[in-house]
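Student: Dropping a structure here in structure tokens format, bear with me for questions.
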Amino acid sequence: MVETVDAALCISHYEKESSKEHAMTKEVDLTQALKKYFGFDHFKGDQEAIIRNLMAGNNTFVLMPTGGGKSLCYQLPSLIMDGTAIVVSPLIALMKNQVDVINGLTEEDGLAHFLNSSLNRAAINRVMDDVHSGLTKLLYVAPESLNKEENLEFFSSFHISFYAIDEAHCISEWGHDFRPEYRNIRPTINRIAEIQHVASVPVIALTATATDKVRSDIKKSLGILDAEEFRSSFNRSNLYYEVRQKISEEDTDSQIIRFIKQHPGKSGIIYCLSRKKVEELAKKLQINGFKAAPYHAGLDSELRTKTQDDFLKEEIDIIVATIAFGMGIDKPDVRFVIHYDIPKSLEGYYQETGRAGRDGGEGICIAFYSPKDLKKLEKFMENKDVNEKEIGYQLLQETKAYAESSVCRRKMLLHYFGEEYQQDNCGNCDNCLHPQKQFEATDALLIVLNAIKAVKENFDQAYITDFVKGRATDNIVRHGHNKLPEFGTGAKLNEEDSTIWNPVIRQAMISHYIRKDVENFGLLKLTPEGRMFIKSPKPFFAVHDREYDDVEENAEGGVSALDQELLGLLKGLRKDVARRHNLPPYVIFQDISLSQMATSYPVSLEELQQIQGVGQGKAHKYGKPFVDLIKKYCRDNDIQRVDMMRVISLPKKSMKKLKIIELIDRRVPLDEIASMQGGGFDDLIDDIESIVNSGMKVDISYYLDDEDLIDPDEVDDIYDYFRNSDSDDVNTAIDECEIYDDDGGLTAEEKVRLVLIKFLSEQAN
């Protein structure tokens, strides 16, 4: 509980000082203040008008895209006005970042503070002292901290210049980061005003993404229906938008790695839906030589803070994260944002992509999409209440439309946020750079519009599509709509092209012939333009949606035909190399490795490391004569090859195996590891064999050195056998070396397999 302070002292001060605010806003040279505190010569967009409106004591609503300079709209007036501004922010990481920025403006620490659950008692007392002394001009709080009963006396004990509600979309169930605690902000503000016996303090609400519904929710919940709105354009012309089909996780990982290699040293964020995928992909990027780190809510808070700081300080180039990362992070030179999974809403997508290119420079935004992703997201909503489920479903449909449409991505996004993009081709998205051929769709649109009118504008897109096709679904029959003359009027067109209806409906929305009532079950409504079109049709053209195959999650990419002639040459070379090194041929490269070489023609050591079972060490130890042979073979036979790009893959079931490697590095006994993994000892050996066969070095000597487990002479005998044998067959080794089961200990097979792991790890990798 915070200390009780006599609020009366500050109340009288507030009443005296608040009367000055209106006059002050006219007198203050804001441009001079901007230069003094932030070093800028000019305001951007509506920043100055927003600040003057707030300083005049007016409630203010700011809708400004990421990178537009929202934070300055409350930071600068807080430094000028009397008292302390309370900034409500949803994330501790966001608060810390903002506080660091403000405190960096002056030599005196304490100009800004945050108050949240991460602080100890001493730190809380420091914050309170600095606020009461008048030093602190901005106090960042989480909504939970603001609403705590034990904090009420503290917040009532000092002059509050205004409240800034950052990321205000969190207040709405239709917003992409809904936080129920935001709903209690207004009641708390009212209680503080009552205690201080003052009129309500002005509120500024700020967000980067908000549809009409979300804007309405924000203003109503915060009690600022009278707020003047400042809306900036959502068009970020420097951002490139692209949607790629997700074929498999392995393919997606490889695409991402290749993309990063093509943009060396550039900063980026990769968003994944699951924490497991975040950690797996971050590890994969690390072993491919990138400075990457994972970030999600399940990690220790200190580690998250360090990761964020390292990213800002450019000690880390790439963050792989859930949506827990990035809100309010002020890093201007993020050059790419990749969505590994299609987002749950377009608001979230826009917010997250908006973290790229905030300095106006390059910003590449790539999203991977599979119809399976949508099905997974819908499944996640099954246990939600009816209202939440319906909202989530409607938001997913908007995301689906964006991903599948062949219309300009920029036009789609801006339309969603109530802004019209007039150009037909933005020149900076995949659909505009590779446009689809238009088809004449006047008749199709007319059929759709008449169908919507016939069913009284009370049904959604799926219903209308079934209706025009003439599909007598149970729902249509129940409403008696199969008896309407408009029913099935699109059947003939449907026979010619069954994929025509969704793109026509979606593009009719963009052209203002149809309006979707998103907050009311997605019902389709006719606009005045749509009604006019029915009376007087005019030419209407559309483009087909992109086609996405519903591929299997574990689909493997095909490979070209095996070059048998090259394979024979490679086997001959392997035999020669093995002889020179006095090793069996299988130790040099396994058969599967040679087969892949004879398929993909690697001509450098880097490319060779993409081959299964070829790690860095093995490539440098044995690889040069092999790539030289392949290079000569390609030249002599005029083979046109595609340059390969090195992608090191983690073994299958990679997270489990990464944990095994970590435990082995810590020299944990193998039987304990097996127990921790929840499987048998043989299962563990299977996993370790898989790791070693993938080209990774694993040192289990510490385990085999325990004489109580296995006789050192047996280890030596088995090791020497594999060194001199042409075969790695375990049963043959057992017979040749005369290895037997130990009573209550290792079996003969386990002994041989473990020593073989040691041998291959040391000699092959």
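The values are calculated or read from the model by the stated rules, or taken from the named source; none is laboratory data. Here the structure is a predicted model, which is why all the values come from computation and not from measurement. Every residue, glycine among them, receives a Cβ derived from its backbone with ideal geometry; neighbour counts consider all protein chains shown.
Student: For residues that are polar (S, T, N, Q) and buried (at least 16 other Cβ atoms within 10 Å of the Cβ), scanning just the stretch 103-124, find the one that is nearest to L76 (Cα to Cα).
Tutor: Narrowing the stretch 103-124 to residues polar (S, T, N, Q): 103, 106, 116-118, 120.
Checking which are buried (at least 16 other Cβ atoms within 10 Å of the Cβ) leaves us with 103, 116.
Numbers: N103: 13, N116: 23 Å.
Looking at the filtered set, the residue picked out is N103.
Student: Exactly one of (1) within 21 Å of the chain's Cα centre (by Cα); (2) surrounded by 14 or more Cβ atoms within 10 Å (Cβ to Cβ); (3) over 26 Å from P332 (Cβ atoms) is unmet by E362. Its number?
Tutor: Condition (3) is where E362 drops out.
Student: Evaluate the following for G83: is it of a type in the set (G, A, S), modelled with pLDDT of 85 or more and closer than 25 Å to E144 by Cα? Explain how you work it out, then say what you get.
Tutor: On the way: of a type in the set (G, A, S): yes; modelled with pLDDT of 85 or more: yes; closer than 25 Å to E144 by Cα: yes.
Judged against the criteria, G83 is a match.
Student: Residue check, F162 against (1) in a loop (DSSP other than H, G, I, E, B); (2) closer than 30 Å to P65 by Cβ; (3) in contact with a helix residue (DSSP H, G or I) (Cβ under 8 Å, 6 or more places away or on another chain), all met but one. Which one?
Tutor: Of everything listed in (1) in a loop (DSSP other than H, G, I, E, B); (2) closer than 30 Å to P65 by Cβ; (3) in contact with a helix residue (DSSP H, G or I) (Cβ under 8 Å, 6 or more places away or on another chain), F162 misses just condition (1).
Student: Separate question: For the stretch 56-64, state whether one or more residues are more than 29 Å from P180 (Cβ to Cβ) and touching a Pro at 6+ places or on another chain (Cβ under 9 Å). Even if it seems obvious, please write down each step before you answer.
Tutor: In the first step, residues of the stretch 56-64 are kept if they are more than 29 Å from P180 (Cβ to Cβ); the result is 56-57.
Subset that is touching a Pro at 6+ places or on another chain (Cβ under 9 Å): 56-57.
Yes.
Student: Restricting the search to the stretch 494-518, which residues are on the phi < 0 side of the Ramachandran plot, part of a loop (DSSP other than H, G, I, E, B) and touching a Ser or Thr at 6+ places or on another chain (Cβ under 9 Å)?
Tutor: Within the stretch 494-518, the first condition is being on the phi < 0 side of the Ramachandran plot, and the residues that meet it are 494-511, 513-518.
Still in the running and part of a loop (DSSP other than H, G, I, E, B): 497-500, 511, 513, 518.
Scanning the stretch 494-518 gives Y513, V518.
Student: What number of residues within the stretch 405-418 satisfy the criterion of being at pLDDT below 90 and touching a Leu at 6+ places or on another chain (Cβ under 9 Å)?
Tutor: Here the count works out to 2.
Student: Can you name the residue in the stretch 187-241 that is in contact (Cβ under 8 Å) with a residue 60 or more places away in the chain, of a type in the set (S, T, N, Q) and assigned to a loop (DSSP other than H, G, I, E, B) and is also surrounded by the most Cβ atoms within 10 Å (Cβ to Cβ) among such residues?
Tutor: Ranking the qualifying residues of the stretch 187-241, first place goes to T209.
Student: On the basis of being in a loop (DSSP other than H, G, I, E, B), outside the structural domain of Y295 (by TED's automatic domain parsing) and among the polar types (S, T, N, Q), does N53 make the cut? Before the answer, list the steps.
Tutor: On the way: in a loop (DSSP other than H, G, I, E, B): no; outside the structural domain of Y295 (by TED's automatic domain parsing): yes; among the polar types (S, T, N, Q): yes.
No; evaluated as a whole, the condition is false for this residue.
Student: Report every pair of residues separated by at least 6 positions or lying on different chains whose Cβ atoms are under 8 Å apart, first residue within the stretch 723-743 and touching a residue at least 60 places away in the same chain (Cβ under 8 Å), second surrounded by 13 or more Cβ atoms within 10 Å (Cβ to Cβ) and assigned to a loop (DSSP other than H, G, I, E, B).
Tutor: R723/L583; R723/P584; N724/P584; S725/P584; D726/P584; S727/P584; D728/P584
Student: Going through the stretch 372-412 one residue at a time, which ones are outside any helix (DSSP H, G or I) and not polar (S, T, N, Q)? I'd like the intermediate steps shown before the answer.
Tutor: Our first condition is that a residue be outside any helix (DSSP H, G or I); within the stretch 372-412, this holds for 381-385, 405-408.
Selection gives M381, E382, K384, D385, V407, C408.
Student: Read through the list (1) in contact with a Ser or Thr (Cβ under 8 Å, 6 or more places away or on another chain); (2) crowded, with 22+ Cβ neighbours inside 10 Å; (3) among the polar types (S, T, N, Q), then give the number of the only condition that T353 fails.
Tutor: Only one criterion is unmet by T353, namely (1).
Student: Kindly indicate the residue of the stretch 56-82 that is among the hydrophobic types (A, V, I, L, M, F, W, C) and part of a loop (DSSP other than H, G, I, E, B) and also farthest from S133 (Cα to Cα) among those meeting that condition.
Tutor: Here is the first cut: in the stretch 56-82, the residues among the hydrophobic types (A, V, I, L, M, F, W, C) are 56, 61-64, 72-73, 76, 79-81.
From what's left, part of a loop (DSSP other than H, G, I, E, B): 56, 64, 81.
Working: A56: 25, M64: 34, M81: 15 Å.
Ranking the qualifying residues of the stretch 56-82, first place goes to M64.
Student: Given the structure, is L206 at pLDDT 90 or above, closer than 24 Å to P77 by Cα, of a type in the set (A, V, I, L, M, F, W, C) and in contact with an Asp or Glu (Cβ under 8 Å, 6 or more places away or on another chain)? Walk me through it before giving the result.
Tutor: Values: at pLDDT 90 or above: yes; closer than 24 Å to P77 by Cα: yes; of a type in the set (A, V, I, L, M, F, W, C): yes; in contact with an Asp or Glu (Cβ under 8 Å, 6 or more places away or on another chain): yes.
When the stated conditions are applied, L206 passes them.
Student: Go through the stretch 263-301 residue by residue and tally those that are without any contact (Cβ under 8 Å) to a residue 12 or more places away in the chain and at negative phi.
Tutor: The first filter runs over the stretch 263-301 and keeps only residues without any contact (Cβ under 8 Å) to a residue 12 or more places away in the chain, leaving 264, 286, 289, 299-300.
In the following step, the residues that additionally are at negative phi were identified as 264, 286, 299-300.
Matching residues across the stretch 263-301 total 4.
Student: What about C426, is it at pLDDT 90 or above, assigned by TED's automatic domain parsing to the domain that holds I269 and either over 19 Å from the mean Cα position of the chain (by Cα) or within 21 Å of E249 (Cα to Cα) (or both)? Steps first, please.
Tutor: Working: at pLDDT 90 or above: yes; assigned by TED's automatic domain parsing to the domain that holds I269: no; either over 19 Å from the mean Cα position of the chain (by Cα) or within 21 Å of E249 (Cα to Cα) (or both): yes.
Spelling it out, it is not the case that C426 is at pLDDT 90 or above, assigned by TED's automatic domain parsing to the domain that holds I269 and either over 19 Å from the mean Cα position of the chain (by Cα) or within 21 Å of E249 (Cα to Cα) (or both).
Student: Out of curiosity, is I192 in the same structural domain as V87 (by TED's automatic domain parsing), within 23 Å of K96 (Cβ to Cβ) and touching a strand residue (DSSP E or B) at 6+ places or on another chain (Cβ under 9 Å)? Spell out how you get there, then give the answer.
Tutor: On the way: in the same structural domain as V87 (by TED's automatic domain parsing): yes; within 23 Å of K96 (Cβ to Cβ): no; touching a strand residue (DSSP E or B) at 6+ places or on another chain (Cβ under 9 Å): yes.
No.
Student: Answer with yes or no whether Y369 is crowded, with 21+ Cβ neighbours inside 10 Å and of a type outside the set (G, A, S).
Tutor: The answer is yes for Y369.
Student: Yes or no: the stretch 267-286 includes at least one residue that is hydroxyl-bearing (S, T, Y) and modelled with pLDDT under 90. Before the answer, list the steps.
Tutor: Pass one, the stretch 267-286, residues hydroxyl-bearing (S, T, Y): 267, 271, 274.
Among the residues that remain, those that are also modelled with pLDDT under 90 are: 274.
Looking through the stretch 267-286, at least one residue is hydroxyl-bearing (S, T, Y) and modelled with pLDDT under 90.
Student: Can you tell me how many residues within the stretch 266-298 are under 23 Å from Y349 (Cα atoms) and over 16 Å from the mean Cα position of the chain (by Cα)?
Tutor: The qualifying residues number 1.
Student: In addition: With the checklist (1) more than 25 Å from G348 (Cα to Cα); (2) in contact with a Ser or Thr (Cβ under 6 Å, 6 or more places away or on another chain) in hand, flag the one item E440 doesn't pass.
Tutor: Answer for E440: the failing condition is (2).
Student: Restricting to the stretch 267-279, what's the tally of residues that are closer than 22 Å to G354 by Cβ and part of a helix (DSSP H, G or I)? So that I can check it myself, show each step before the final result.
Tutor: Quick first cut of the stretch 267-279, residues closer than 22 Å to G354 by Cβ only: 267-273, 278.
From what is left, the residues that are part of a helix (DSSP H, G or I) are 278.
The qualifying residues number 1.
Student: Restricting to the stretch 323-346, and then to whatever is modelled with pLDDT of 90 or more and not aliphatic (A, V, I, L, M), can you tell me which residue is nearest to G69 (Cα to Cα)?
Tutor: Across the stretch 323-346, the extreme among qualifying residues is D333.
Student: Among the residues of the stretch 244-266 satisfying the criterion of being of a type outside the set (D, E, K, R) and closer than 18 Å to G357 by Cβ, which is surrounded by the most Cβ atoms within 10 Å (Cβ to Cβ)?
Tutor: Initially, the stretch 244-266 is screened for residues of a type outside the set (D, E, K, R), giving 245, 247-248, 252, 254-257, 259-260, 262-265.
From what's left, closer than 18 Å to G357 by Cβ: 259-260, 262-265.
Working: F259: 17, I260: 22, Q262: 9, H263: 14, P264: 9, G265: 10.
Taking the candidates together, the pick is I260.
Student: If you don't mind, another one. Inspect all residues belonging to the stretch 172-183 and state whether any of them is hydrophobic (A, V, I, L, M, F, W, C), under 27 Å from E420 (Cβ atoms) and in contact (Cβ under 8 Å) with a residue 60 or more places away in the chain. Steps first, answer last, please.
Tutor: Narrowing the stretch 172-183 to residues hydrophobic (A, V, I, L, M, F, W, C): 174, 178.
Those still in the list that are under 27 Å from E420 (Cβ atoms) too: 174.
The next check asks that each one be in contact (Cβ under 8 Å) with a residue 60 or more places away in the chain; those that pass are 174.
Yes, the stretch 172-183 contains at least one residue that is hydrophobic (A, V, I, L, M, F, W, C), under 27 Å from E420 (Cβ atoms) and in contact (Cβ under 8 Å) with a residue 60 or more places away in the chain.
Student: Okay, moving on. I'd like to check something: does the stretch 289-296 contain any residue that is assigned to a helix (DSSP H, G or I) and under 26 Å from I165 (Cβ atoms)?
Tutor: no
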